[in-house]
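Everything below concerns the one structure shown next.
The values are calculated or read from the model by the stated rules, or taken from the named source; none is laboratory data. The structure presented is a predicted model; accordingly, all values stated were derived computationally and were not measured. Here Cβ is always computed from backbone atoms with ideal geometry, including for glycine, and neighbour counts include all displayed protein chains.
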There are 2 protein chains.
Amino acid sequence: MEMPSVYFDRAVTQMSQLPGVGRKTAMRLVLHLLRRERSDVELLANSLTDLVENVRYCRVCHNLCDGDVCSVCSSPSRDKALVCVVEDVQDVMAIESTQSYSGVYHVLGGIISPIDGVGPQDLEIDSLVARVREGGVREVVFALSATLEGDTTCFYIFRRLAGLDVRVTTIARGVAQNERLEYTDEVTLGRSIVDRRPFKG
Amino acid sequence: MEMPSVYFDRAVTQMSQLPGVGRKTAMRLVLHLLRRERSDVELLANSLTDLVENVRYCRVCHNLCDGDVCSVCSSPSRDKALVCVVEDVQDVMAIESTQSYSGVYHVLGGIISPIDGVGPQDLEIDSLVARVREGGVREVVFALSATLEGDTTCFYIFRRLAGLDVRVTTIARGVAQNERLEYTDEVTLGRSIVDRRPFKG
């Protein structure tokens, strides 16, 4: 498709590099931007430049942050001896929004997945082991996806932590809130029976 | 959801202003950008700034262009007496990519749609009438969507052009290429019978 403007063409090409954005969607987005106020588009462009110039990863847990150490790691009210292992920063945000966790995090930056060519050396596993080895960590909680890759990653880290004086736990799996038993898959239902807990009336 | 970085938060907020991009998608896009090379993100940001600073609308047909008059209107090989009326610049690109049209365009910038509050005064209809009134236009071809809004817009413009010395046509409607008759809707099929053409064996 011949483009009426080199600037339009360039913007479409750049937008179509975004994941899930094809050339037609990119064109629609750019046409939308052309209809917006010029200052609005400059705000968007500047926010992206500021993003790559200013966002850092926490030296301790590899969560996103603006400085050297993230807000969770630097908070005096968080329990530094309780470390939750997550795949990426979105998981940190998801757990934070539950307001049910008072410990700190360790962001792996991915999950072991041979099919995607991601091995243990591509993830922040050595730094987790070092963190535990340095002492002061009482418990490591796995909060990884309930998938084959998640289980593999948990198992690999568990073995790496063997012999160190740390408790290793994993978040509970079971029937989700508001989920009907008849629609729960067999593995989940079976596991939720095995992992049954005392009923608090 | 508490944000770990003000710059991250700002970029997510800006991206979520794009049409069809919710907050979760925006977060996914921004995390993707953080994994890209810094120079790639700067290319994207600059392409958007350049876009709003440089893209103009053609003085004659309101198509996108980088200068004062678009590449179609300024081409010596195009028939300036044949004017195709389209809803927006995407339609120009679609028709151009067919390589079946040698005339010029007139981009309305929308379509008459009372439900969306778009009336004739919001569109480039006065400028089309003026363009025809000035002379030199032999034929106006409507290439608008085959919808109620498209038909309304065609009819409105047709009445505005009444009395002027210009031929008014509309693109053919009928059975699409590779479409099976049994799946063609009744209105289209009926119209394609009424509008039948001599068969060229």
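Restricting the search to region B:16-27, which residues are facing chain A (nearest Cβ under 7 Å) and either touching a residue at least 24 places away in the same chain (Cβ under 8 Å) or surrounded by 18 or more Cβ atoms within 10 Å (Cβ to Cβ) (or both)?
B:Leu18, B:Met27
Condition (residue is aromatic (Phe, Trp, Tyr) and at pLDDT 95 or above) applied to region A:92-101: is it met by at least one residue?
No, that holds for no residue.
Return the residues of region A:58-94 that are among the β-branched types (Val, Ile, Thr), in a loop (DSSP other than H, G, I, E, B) and away from chain B (no Cβ under 12 Å); say none if nothing qualifies.
A:Val60, the sole residue that qualifies.
For B:Val52, which of the numbered conditions (1) over 30 Å from A:Val52 (Cβ atoms); (2) without any contact (Cβ under 8 Å) to a residue 40 or more places away in the chain; (3) among the β-branched types (Val, Ile, Thr); (4) surrounded by 15 or more Cβ atoms within 10 Å (Cβ to Cβ) fails to hold?
(1)
Does B:Gly135 count as over 19 Å from the mean Cα position of the chain (by Cα), closer than 30 Å to B:Leu64 by Cβ and modelled with pLDDT under 95? First the steps, then the outcome.
Working: over 19 Å from the mean Cα position of the chain (by Cα): yes; closer than 30 Å to B:Leu64 by Cβ: yes; modelled with pLDDT under 95: yes.
Yes.
So is B:Ala94 assigned by TED's automatic domain parsing to the domain that holds B:Val107, of a type in the set (A, V, I, L, M, F, W, C) and over 21 Å from B:Arg138 (Cβ atoms) or not?
It is true that B:Ala94 is assigned by TED's automatic domain parsing to the domain that holds B:Val107, of a type in the set (A, V, I, L, M, F, W, C) and over 21 Å from B:Arg138 (Cβ atoms).
Please tell me if B:Asp151 is loosely packed, with under 13 Cβ neighbours inside 10 Å and of a type in the set (D, E, K, R). If you could, list the steps in order and put the result at the bottom.
Details: loosely packed, with under 13 Cβ neighbours inside 10 Å: no; of a type in the set (D, E, K, R): yes.
Taking the combined requirement at face value, the residue does not satisfy it.
Of the conditions (1) over 30 Å from A:Asp50 (Cβ atoms); (2) surrounded by 18 or more Cβ atoms within 10 Å (Cβ to Cβ), B:Gly67 fails just one. Which one is it?
Only one criterion is unmet by B:Gly67, namely (2).
Which of (1) away from every other protein chain (no Cβ under 12 Å); (2) assigned to a helix (DSSP H, G or I); (3) of a type in the set (S, T, N, Q) is the odd one out, the single condition B:Ser97 does not satisfy?
Going through (1) away from every other protein chain (no Cβ under 12 Å); (2) assigned to a helix (DSSP H, G or I); (3) of a type in the set (S, T, N, Q) one by one, B:Ser97 breaks only (1).
In contact with a His (Cβ under 8 Å, 6 or more places away or on another chain) and not polar (S, T, N, Q): does that describe A:Cys65? Break it down into steps so the answer makes sense when it comes.
On the way: in contact with a His (Cβ under 8 Å, 6 or more places away or on another chain): no; not polar (S, T, N, Q): yes.
No: the conditions fail for A:Cys65.
It is to be established whether one or more residues within region A:42-57 are more than 7 Å from chain B (Cβ to nearest Cβ) and under 19 Å from the mean Cα position of the chain (by Cα).
Yes, because at least one residue in region A:42-57 is more than 7 Å from chain B (Cβ to nearest Cβ) and under 19 Å from the mean Cα position of the chain (by Cα).
Do we find that B:Val141 is surrounded by 10 or more Cβ atoms within 10 Å (Cβ to Cβ), part of a helix (DSSP H, G or I) and either over 16 Å from the mean Cα position of the chain (by Cα) or free of Cβ contacts under 8 Å to residues at least 60 places away in the same chain (or both) in this structure?
So B:Val141 fails the test.
If you scan region B:62-91, which residues turn out to be closer than 13 Å to B:Val141 by Cα and small (Gly, Ala, Ser)?
B:Ala81
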